[in-house]
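Encoded as structure tokens, the structure appears first; notes follow it.
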Amino acid sequence: MEVLRYAAFSDVPNGGNPAGVVLDAGGATEAEMQAVAKEVGFSETVFVVDRNGERLRVRYFSPMAEVPFCGHATIALAVADAEQSGPRLLDLATLAGAVTVTSRADGRTTTASLTSVVPQTADLSLVDQSELLDALGWATTELDPSLPPKVGYAGAWHPII
């Protein structure tokens, strides 16, 4: 399995967000993809597990677990795909839902943009808030009461403090 290494949101290799990209993971098991992601060591690696023209089914793995979606790995995937197949619109099937990503090339640079799943917010549970504040070494009194803790979703849930 060929693993490409990209830096999304940057025009230099050592900037931005690094992501692993596997353009052909057809037939790979979950355990194999997990092992590759762990070996790559980036926060996420994206795997194309099925391809039908511009429709791709993808899976994302961190070094520790599968995740439903990853924006910077999606951008890296679109750029890698464009460098091999030319700029185009891709329809991705992810665990978080359908995602559209478009790549462009201007002769020297390839870029990509995506339309994510519908974002959402919800209240952060008091248990999760307490654990998070403990991990950060913060007290509840340090939070701005006009900005209550939440969880945000744009493909994966993340706490917002």
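The values are calculated or read from the model by the stated rules, or taken from the named source; none is laboratory data. The model shown is predicted, which means the values in this text are computed figures rather than measured ones. Neighbour counts are summed over all protein chains in view; Cβ atoms, including those assigned to glycine, are modelled from backbone coordinates with ideal geometry. Just the protein is used for accessible areas: all its heavy atoms, side chains included, with ligands, DNA and RNA removed. Shrake-Rupley method; radii C 1.70, N 1.55, O 1.52, S 1.80 Å.
Please report the carbon-and-sulfur percent of the accessible area for the chain; probe 1.4 Å, protein heavy atoms only, DNA, RNA and ligands left out.
For the chain, the apolar C and S fraction of the accessible surface comes to 53 percent.
Quick one: ranking MET1, MET33, MET64 by accessible area, 1.4 Å probe, largest first, what do you get?
Numbers: MET1 110, MET33 0, MET64 170 Å².
Largest accessible area first, the list is MET64, MET1, MET33.
Trypsin sites (Lys or Arg not before Pro) within segment 1-92: which are DSSP loop residues with at most 15 other Cβ atoms inside 10 Å? Please list the in-between numbers first.
Working: sites: ARG5, LYS38, ARG51, ARG55, ARG57, ARG59, ARG88; in loops: ARG88.
Here the sparse-neighbourhood loop sites are ARG88.
Please give the per residue accessible area of the chain, computed with a probe of 1.4 Å over protein heavy atoms only, in Å².
57
Relative contact order of the chain, please, whole-number percent, based on alpha carbon pairs below 8 angstrom and at least 6 residues apart.
Result for the chain is 15 percent.
Under a point spin-label approximation (7 Å from Cα along Cα-to-Cβ), what is the ARG108-ARG51 distance to one decimal in nm?
The modelled label-to-label distance comes out at 2.9 nm.
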